[in-house]
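Only one structure is covered here, and it is reproduced in the block below.
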Amino acid sequence: NPQKTFEYRIMPYGEEHLLLIARDVTRVSQLEEMRKDFVANVSHELRTPLTVINGYLEILAGNGEELDPLTQKAFLEMSSQTQRMQSLIEDLLVLSRIEASSERIYENTVDMPAMLRQIKLEADALNKDKGHTIAFHLDEGVKIYGIETELRSACSNLIFNAINYTPPGGHIDVYWSVTKDGVKFAVKDDGDGIEQRHLSRLTERFYRVDKARSRKTGGSGLGLSIVKHVLNHHNSQLQITSVVGEGSVFFFNFDAEMIASQDPVL
Ligand code: ADP
């Protein structure tokens with residue numbers, strides 16, 4: 001039935017038989033589609049009014065000399081909160097675009113070292129008041145299949161998180177390495193680390209380890225959800241190892257079938 005969606009499982013049944021179990025998930029997937037559409041539409045509709053509010057707030061806050069200090073402070077705070085809301089909405093839109101993406105990864109190739117060098121410029125700017133030592137270790141010569149905008153957003157989320165959540169003066173290393181079975185991307189920091197019990201939940205939407213502290217860093221809690229979806233779309237998976245007091249490593253692998261071209265080894 002073309003109108004229905006089924007999930008199948010095959011199990012052994014006795015010595016000689018297999019059992020095929022088909023579960024009708026039509027309703028579940030319809031609801032999931034509705035949720036995705038709803039989030040995408042609401043985010044889109046919220047964008048315009050917020051842009052208008054923020055524009056006027058900036059004008060009002062800009063006329064600072066004529067305002068008493070309390071009013072001026074109030075305008076600045078309102079303006080910073082609307083900007084937070086704007087970036088939250090942008091993240092929600094990115095997430096729903098990736099969820100809805102039917103773009104085929106095997107039709108495009110990405111030069112990851114070139115892309116990572118661009119992210120490095122933004123990372124250096126973000127690092128200005130943090131004073132971390134950030135080093136990029138990039139193997140050249142391999143192009144992978146993938147969607148550049150998606151991979152850029154995944155890698156920059158991991159790199160910016162390391163910068164934001166590591167106490168000032170930390171060390172952050174970014175690796176793009178050709179391995180014997182494929183390629184590997186990793187971001188290593190020597191920040192506070194994350195307790196084991198949080199690790200499996202980090203990629204859930206809006207999940208944050210320390211709500212108060214995360215709010216101060218201005219993130220939306222959607223960053224790692226975006227990373228998870230991008231990697232799903234690219235046949236990979238986010239992995240995290242972390243030791244409290246020592247730091248964290250966020251990484252993922254692409255196996256050999258994701259390699260589009262490889263320079264001959266000289
Ligand atoms: P956010 O917008 O809060 O940064 P993310 O989904 O990117 O959302 O991250 C979820 C949570 O994971 C963060 O709020 C933070 O508590 C934790 N986290 C992410 N990266 C790191 C890191 N490198 N070191 C420590 N904690 C991290």
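Give me the one-decimal nm value for the distance between modelled label points at LEU121 and ASP255, 7 Å along each residue's Cα-to-Cβ direction.
3.7 nm
Using θ = phi - 60° and the Karplus form 6.51 cos²θ - 1.76 cosθ + 1.60, what ³J(HN,Hα) does each residue of region 65-72 get, whole Hz, x for Gly and Pro?
So the J values, rounded to whole Hz, are 4, 7, 9, 6, x, 5, 5, 4.
Could you work out how much longer the chain between LEU138 and ASP263 gets when fully extended? Use 0.36 nm per residue separation minus the Cα distance between them, nm to one decimal.
Extra length from LEU138 to ASP263 when fully extended: 43.5 nm.
Starting from the Cα gyration tensor of region 71-124, take the square roots of the eigenvalues, sort them a ≥ b ≥ c, and report rounded, prolate or oblate (rounded when a/c is under 1.5, otherwise prolate if a/b is larger than b/c, else oblate).
oblate
Which ³J(HN,Hα) values in Hz, rounded to whole numbers, follow from the phi angles of region 182-196 under the Karplus curve 6.51 cos²θ - 1.76 cosθ + 1.60, where θ = phi - 60° and Gly and Pro get x?
These are the phi-based 3J(HN,Hα) values: x, 9, 9, 10, 8, 10, 10, 10, 10, x, 6, x, 10, 4, 3 Hz.
Cα gyration tensor of the chain, axes a ≥ b ≥ c as square roots of the eigenvalues: rounded (a/c below 1.5), prolate (a/b > b/c) or oblate?
Note, shape of the chain comes out oblate.
Kindly identify region 58-188 as rounded, prolate or oblate by the Cα gyration tensor criterion: order the square roots of the eigenvalues as a ≥ b ≥ c, call it rounded if a/c is under 1.5, otherwise compare a/b with b/c, prolate if a/b is larger, else oblate.
Oblate shape, in that a/c is at least 1.5 and b/c is the bigger or equal ratio.
Looking only at MET34, MET112, MET85, which one moves most when the chain is put into a Gaussian network model with springs between Cα atoms under 10 Å?
MET34
What is the gain in length, in nm to one decimal, between LEU31 and LEU19 on full extension, counting 0.36 nm per residue of separation less the C-alpha to C-alpha distance?
Working it through step by step, the gained length comes to 1.5 nm.
Pairs of alpha-carbon atoms within less than 8 angstrom and 6+ residues apart define the contacts here; what relative contact order does the chain have, in percent?
Relative contact order here is 17 percent.
Cross-link candidates for LYS228: which aspartates and glutamates have Cα within less than 19 Å, leaving aside residues fewer than 8 places away along the same chain?
Counting by Cα, and skipping residues close in sequence, LYS228 has these aspartates and glutamates nearby: GLU32, GLU33, GLU90, ASP91, GLU99, GLU103, GLU148, GLU150, GLU204, ASP255.
Cα axis of helix 112-126 to longest principal axis of the chain: angle in degrees, 0 to 90, nearest 10?
30 degrees
How far is helix 26-62 tilted off the main Cα axis of the chain, in degrees rounded to 10, range 0 to 90?
Tilt relative to the chain: about 20 degrees.
With a 10 Å cut-off between alpha carbons and a GNM built on the chain, which of LYS143, LYS184, LYS128 moves the most?
LYS128
Only Lys, Arg, Asp and Glu count, each charged at its Cβ (+1, +1, -1, -1), so figure out the dipole size of region 20-147 about its Cα centre, rounded to 20 debye.
Using Cβ point charges on Lys, Arg, Asp and Glu, region 20-147 gives about 380 debye.
Choose one answer from GLU33, GLU204, GLU15: the residue with the largest mean-square fluctuation in a GNM of the chain with alpha-carbon springs under 10 Å.
The residue that fluctuates most here is GLU15.
Anything over 19 Å Cα to Cα? Flag those among LYS130/LYS188; LYS143/LYS180; LYS120/LYS211; LYS120/LYS188, in the order listed.
Where the Cα-Cα span goes over 19 Å, the pairs concerned are LYS120/LYS211.
Taken together, the values in this text are just the output of simple stated rules run on the coordinates, not laboratory data. For clarity, every value in this text was computed on a predicted model and none was experimentally measured. For neighbour counting, all protein chains shown are included, and Cβ atoms are generated from backbone atoms with ideal geometry for every residue, glycine included.
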